[in-house]
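In what follows, a structure is listed as structure tokens, so that the remarks can point back to it.
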Amino acid sequence: MAIKLPGAWFRRKLKEQLGILESEGVLSPSQVQQLTDRYRLGNLAAETMQSLLTTIYVIGSVLIGIGVISFVAAHWNDLGRSVKLALIFSAMLLAHAAGFYLWKIHGRFPKLGHTLVLLGTLIFGANIGLVAQIFHIMDNPYNAFLAWCIGAVAMAYAVESLPHGILALIIAIIYAFGECGPNRDIVFWWPFFILAVFVPMVYFLRSKTIAWLTAIVFVFSIVVRMAQRSQMWEEGFGIIVGLAISGLGVLAWGLIQHSAGLGALAAEAGSVVGVFSVSLAAFLCSFHEICQEIAPVHILKLTGWSINTMVGVSVLAISGIAAGITLVRGLNRVKFLLLITAVLIVTMTLIRPPGMTYLEMTIAGNGLFLLMDCILFYASFVYEDRRIFWASVLMAVTLVVARTLEYETELLIKAAVFTGCGIGLIAAGVFFERYLRDRRLSHA
């Protein structure tokens, strides 16, 4: 089993300190050698050189690509259609073939080979636009990003390439902007495509980066879809509903994962992005002006919402399954509370009682945001995690400041509120650090 090494910065500092500790007699030469072997400190120079070469290869490939494109562009109008096609396809195939040979077959230059394969995929994206220009194809330009994304996904799976997966997700979020264009029905299925393609990629490539980007792109695509479908009634309603239901689905994905093994890849990303999305939905509902605008809009009164209803029901069904799995695996109080609060936020935004007034919705938004904050505060003590603690403190301060700025109050009151927030922030930090110190002493 491969041992995951810490970052290069830590290893360089450790290498410097080992010499000092050995000279002071704190560590014996054998202990220094054991640590050197354990953290592979002898490979630092070679790894640094490899990183430098990778950077040089990437920059060089980009410069070569720009140079070739500039040269071809200067003579583009003088070239025949067949010559143009031969140029663009030969460049793509040459980059892929040379890269695959150096990376997978020859094996001595994997970094350079990987870079050339990625360059070939970038050329593939450019070729889509060039072919459309050569044959005067008039279509939604975002469809080119769809084809490019599919190509990048295919390469990510074919050669097990993390950069291709990241490129595909970047293209995916660009394609989601197509919903904002004139052809708004082109991406109604896009969130499901993201789930079907990129969730397996997380585990196939064993990448937390892909997990984070997948969660973010999924939430964004749902929000864009909901906002555009609800534009004829109230765009803010669609944004809030999109944040709530997508956040609930992503949160469920994160909560059902184990904290070790493959499950750890998506546990943090799904939980963080999910909590942020549903909390943001509740926070937006805490403003009385927003609630005043969206309270009359209700899902049961709208027509033409079959797609959105399908999205909402699907995410809710997934969340229900996730909740069942969570309970079967063992009741975790924090996870259960987070999931229940997220379901309440979705209920308030999507399927709230039709007669609910904007004042009641504002109170519910403030209450649910505060409830989520309290759960995170409790979770920070359960998991003894500073990141969760400071996130909960930041949420509390944000809620107080937002209410202070929203309502007309005197400067003296605002000054007292801001001063109190500052004092409370410092006191909370001191209290939490003392708690962690006492826990460490009790376990010592």
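The values are calculated or read from the model by the stated rules, or taken from the named source; none is laboratory data. A quick note: this is a predicted structure, and the numbers were derived from the prediction, not measured. Cβ placement follows ideal geometry from the backbone for every residue including glycine, while neighbour counts extend to all protein chains displayed.
Restricting to the stretch 74-94, count the residues that are closer than 23 Å to Ser61 by Cβ and among the charged types (D, E, K, R).
1
Being under 29 Å from Ile240 (Cβ atoms), outside any loop (DSSP other than H, G, I, E, B) and touching a residue at least 40 places away in the same chain (Cβ under 8 Å) is the requirement here; does Thr398 meet it?
The answer is yes for Thr398.
Which pairs do you get when a residue that is over 17 Å from Ser286 (Cβ atoms) and modelled with pLDDT under 80, found in the stretch 404-425, comes within reach of a residue that is in a helix (DSSP H, G or I) and of a type in the set (S, T, N, Q), reach meaning Cβ atoms under 6 angstrom, with the pair 6+ apart or on two chains?
Lys414/Thr404
Kindly state which helices (runs of 4 or more DSSP H) lie completely within the stretch 283-395 and contain at least 3 residues that are surrounded by 14 or more Cβ atoms within 10 Å (Cβ to Cβ) and at pLDDT 80 or above.
It comes to 288-294, 333-349, 358-383.
Check Gly67, Gly80, Gly99 and return the single one that is out of contact with any strand residue (DSSP E or B) (no Cβ under 8 Å at 6 or more places or on another chain) and surrounded by 15 or more Cβ atoms within 10 Å (Cβ to Cβ).
Of Gly67, Gly80, Gly99, the one residue that is out of contact with any strand residue (DSSP E or B) (no Cβ under 8 Å at 6 or more places or on another chain) and surrounded by 15 or more Cβ atoms within 10 Å (Cβ to Cβ) is Gly99.
If we keep just the residues of the stretch 248-282 that are modelled with pLDDT of 85 or more and hydroxyl-bearing (Ser, Thr, Tyr), which is surrounded by the most Cβ atoms within 10 Å (Cβ to Cβ)?
Filtering first and then ranking leaves Ser277.
Just need a number here: residues in the stretch 1-30 that are modelled with pLDDT of 75 or more and touching a helix residue (DSSP H, G or I) at 6+ places or on another chain (Cβ under 9 Å).
12
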